[in-house]
Structures are given as structure tokens and as C-alpha cells.
Amino acid sequence: MGANGTLALSITGSDGAGKTAFLERTLQMLPPGTNAAVLTADRQGRQDARRLASYGFPVRYIQVPAGCHLNASMVQKHLAGWDLRRLDLLFIEIGGSLEYPASYDLGQDARVVVLGVTESEDEPLNNPGFFRNAEVMIVNKTDLLPYVPFQADFACENAWSVCPELEIIRTSTITGDGFGEWMNWLAGSMAAKTFPPRRMPDLRWSLQRDVSFERCLANAQ
Ligand SMILES: Nc1nc2c(ncn2[C@@H]2O[C@H](COP(=O)(O)OP(=O)(O)OP(=O)(O)O)[C@@H](O)[C@H]2O)c(=O)[nH]1
Ligand SMILES: [Mg+2]
């Protein structure tokens with residue numbers, strides 16, 4: 001696993017797509033000794049953070065006030081006190097109720113978008129912000145495919161029309177299907193981060209473009 005770099009991944013997708021369940025299984029499958037941490041961002045409700053905290057990794061909740069967008073300042077503020085030089089992996093779950101334009105830069109290395117098979121195949125066209133600029137799409141809840149009319153191939157075509165380079169992995173957090181492929185992607189991406197040598201997640205450019213957290217909070221009050 002990465003000994004010299006923090007891989008920061010954002011996890012987006014609609015409400016209920018299975019982002020937290022996906023992260024739970026991922027945390028369970030991480031090789032022993034992996035230093036991982038999780039941020040969960042939402043308007044309200046710490047439930048996801050509580051669920052994720054039971055896997056032995058540090059978890060923090062970012063409450064995004066009404067009228068504010070999640071931004072790199074908020075992420076940075078919630079990293080305070082964590083030794084990022086020792087961190088292999090940072091996951092940022094972005095609640096489905098938060099707007100997520102493709103232009104958002106939270107300082108992450110890669111964007112992962114989760115699409116549940118209980119959603120529409122048109123989701124990539126209806127909500128392109130989640131999919132454009134993403135590296136990986138997780139088609140989740142594949143255990144339900146025999147019971148829902150969802151056409152996975154059609155959803156993939158729609159996603160590729162928005163983001164041609166998108167890598168697509170089909171998973172079920174219930175059966176564990178696809179998690180071998182996902183964990184391989186993760187291991188490869190972590191290994192790629194070991195060169196160049198470990199650096200802090202680069203928030204500089206993101207921070208310059210953000211409205212500051214404090215100003216946003218003040219406006220929201
Ligand atoms: N059948 C099935 N259900 C799943 C799967 N993954 C998640 N679920 C269920 O889908 C529901 C929503 O899962 P969550 O992980 O809370 O979804 P989320 O995307 O984190 O939702 P928000 O944080 O509210 O945006 C829960 O009841 C999960 O148990 C899956 O692979 N198969
Ligand atoms: Mg969640």
C-alpha cells in the first residue's frame with residue numbers, strides 16, 4: 001500500500017445510491033495497516049459518520065449549512081489535527097442532498113460516483129455534475145438487477161457520453177460482487193500516489209477559488 005502519498009477520493013451520487021454502504025464495505029476490506037480516514041458532508045444528520053466510525057478509522061462529519069456549498073476550505077478545516085503525512089487514504093462522502101457541480105474542486109485526487117440500479121439509467125444525463133470529471137462510476141446494488149427494470153449497459157452508455165474516460169465497476173455491497181475489482185483499482189491508485197514522494201493533498205488552488213467557510217457561514221446566518 002502507499003507508503004508515500006495520501007490518496008484523496010470524493011464519493012458522490014444521489015440520495016440512497018449506497019455511498020455509505022459502499023464505504024463501509026471498502027473500509028472492512030482494506031489491508032491491515034492501511035491508514036485511512038473519512039469525512040462525511042451533509043446538510044444535517046451524523047448517521048453516516050456514526051456508521052462509518054465503527055470500522056476503527058477516524059471519521060469526521062462536515063455539516064454544510066443551508067445556502068452553502070461544500071468547498072475545500074471546509075474540507076481543510078475538518079482535517080485539522082490529522083497527520084496527513086501518515087495517511088494513505090482519505091475518503092470524502094458527499095451527501096446526495098448537496099449540490100455537486102462538476103467544477104467543484106475539493107483537492108481530491110479522484111472522483112468516484114455511485115449510481116444505484118434503483119435509479120434511472122438517465123441519471124448521468126439528468127445530473128451530469130456527478131459524472132463529468134469523475135474517474136470511476138460504481139454501478140451499485142447489482143444484487144437487485146433481477147428485480148428492477150434498470151438496464152446497466154444503457155446507464156453505462158449514458159455515463160460515457162458525459163465522461164468518455166470513465167471507468168465503470170459494478171458492485172453489490174450486500175453480496176460483495178465487484179469489490180475485488182474496486183479494491184484492485186484502489187490499490188493501483190494508491191501505488192501511483194507513491195510517486196512523487198508523499199505530499200499533502202494539494203488544496204492551494206481549490207482554496208483560492210472558494211468562498212471561505214467563515215464568509216459562507218456568516219451569509220447563511
Ligand atoms: N440491495 C442493496 N441495497 C443496498 C446496496 N447498497 C446500499 N444498499 C441500501 O440502500 C440504502 C441506502 O444506502 P446508503 O449507503 O445509506 O446510501 P447513501 O448513498 O449513503 O445515501 P445518502 O448518504 O443519504 O446520500 C440502504 O438501505 C442500504 O442498505 C446494495 O448493494 N444492494
Ligand atoms: Mg450516505
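Quick check: residue separation of residue 63 and residue 125 times 0.36 nm, minus the Cα distance between them. What number comes out in nm? Can you show the working numbers first?
Values: separation 62, 0.36 × 62 = 22.32 nm, distance 2.82 nm.
Here the answer is 19.5 nm.
Using Cα positions and a limit of under 30 Å, work out the lysines in reach of residue 141, with same-chain residues fewer than 8 apart set aside.
19, 193
List the extent of the Cα atoms of region 7-148 along each of their three principal axes, largest first, rounded to whole Å.
44, 36, 27
Please sort 136-147, 10-21, 54-65 by packing, taking for each peptide the average over its residues of neighbouring beta carbons within 10 angstrom, highest first.
Listed from highest to lowest mean packing, they are 10-21, 136-147, 54-65.
Based only on other Cβ atoms within 10 Å, what is the fewest-to-most ordering of 105, 122?
Least to most surrounded, the residues fall as 122, 105.
Values quoted throughout were computed directly from the atomic coordinates according to the rules given, and no laboratory measurement underlies them. The structure displayed is predicted, hence computed values, not measured ones. Cβ: placed from backbone, ideal geometry, glycine included. Neighbour counts: every protein chain shown.
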